[in-house]
Amino acid sequence: MKEKIRRARTSISFLVMVAFMLPMVISVYAGEPRLIGGYGVDLSCDDPYHNVKGGSSTTFIVQIKNTGTLDDTYEVTATSIEEIVCTVNGVNADQFTPYLITLQAGTSTTFEVTAKIGDVPEGRWAIIVSAYSQNDTNTYDYIELIVNVNEEDLSIKITQPTNGLYIQNKKIIPLAFPLVIGEIIIQARSSQDSIDRVEFYIDGEIRSVDYEAPYTWLWDEKIVGGHTVKAVAYDKVGNIATDEQGVWIFNP
């Protein structure tokens, strides 16, 4: 009987120990928040893709959050190829001289990662931003930011309507100017893949915004006469391109 009681107590003690230790060894894959022994960190960026030209610079806003249950200090670094010089809040931050950020448990803040583009070929280049806990070497997170080096200027082109007669969105015959009868889908295109959004205007008044290619807007209001259609494109670093098209429309 005593032996059974002893074994039962041993089993209960083991289960209690497992239940206590399990939350302390939670871990997830690299690139996602990690929590080990009460320490945790999460990095994120709402706009991780920037279109730039060689010789210019661009700045990302990165959020860091203490996802643990203990206050912590993080060593933050930002690195890329040699021709792209990265800083964190204006300070060079690599593995030898990281930028330090201290956060209370459950709080967050943002910091700037600025990339100065040197003489690099056109294409996409990665910036790796990492945050390591000073209190637990197993607690870290990283994200990848992308700079797309493109020497071509941002452009946008209205591709519908063009010169011709349109009836209910269908082009019937070519003309010397756009003439629209009924509703029509305004279409605009760009050769760049870094477009953030395209705004559509009629006579200087914004009517629609499209965030995904192909960029379109259904112009179906009751309207008659000559009007100006304008498309305004914005890329992810604030560059702007516009195109306008005069249109005669009859949609009473």
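Every number here is computed from the coordinates shown, using simple stated rules; none is lab data. Keep in mind that what you see is a predicted model, and the values were worked out from it rather than measured. Note: ideal-geometry Cβ built from the backbone for every residue, glycine included; neighbour counts use all protein chains shown.
Data overview
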{"read-out": "Cα-centre dipole for segment 157-251 with unit charges at Cβ (Lys and Arg positive, Asp and Glu negative), debye to 20", "value": "300 debye"}
{"read-out": "Fewest-first ranking of TYR140, TYR211, using other Cβ atoms within 10 Å as the exposure measure", "value": "TYR211, TYR140"}
{"read-out": "Ranking of GLU244, GLU212 by count of other Cβ atoms within 10 Å, fewest first", "value": "GLU212, GLU244"}
{"read-out": "Least to most buried among CYS86, CYS45 (fewest other Cβ within 10 Å first)", "value": "CYS45, CYS86"}
{"read-out": "Bins of 5 Å from zero: percent of alpha-carbon pairs in segment 157-251", "value": "3, 14, 26, 25, 16, 10, 5, 1, 0"}
{"read-out": "Unit charges on C-beta of K, R, D, E only; dipole of segment 51-145, Debye", "value": "260 debye"}
{"read-out": "Alpha carbon Rg of segment 76-172, scaled by the compact-globule rule 2.2 N^0.38 Å", "value": "1.77"}
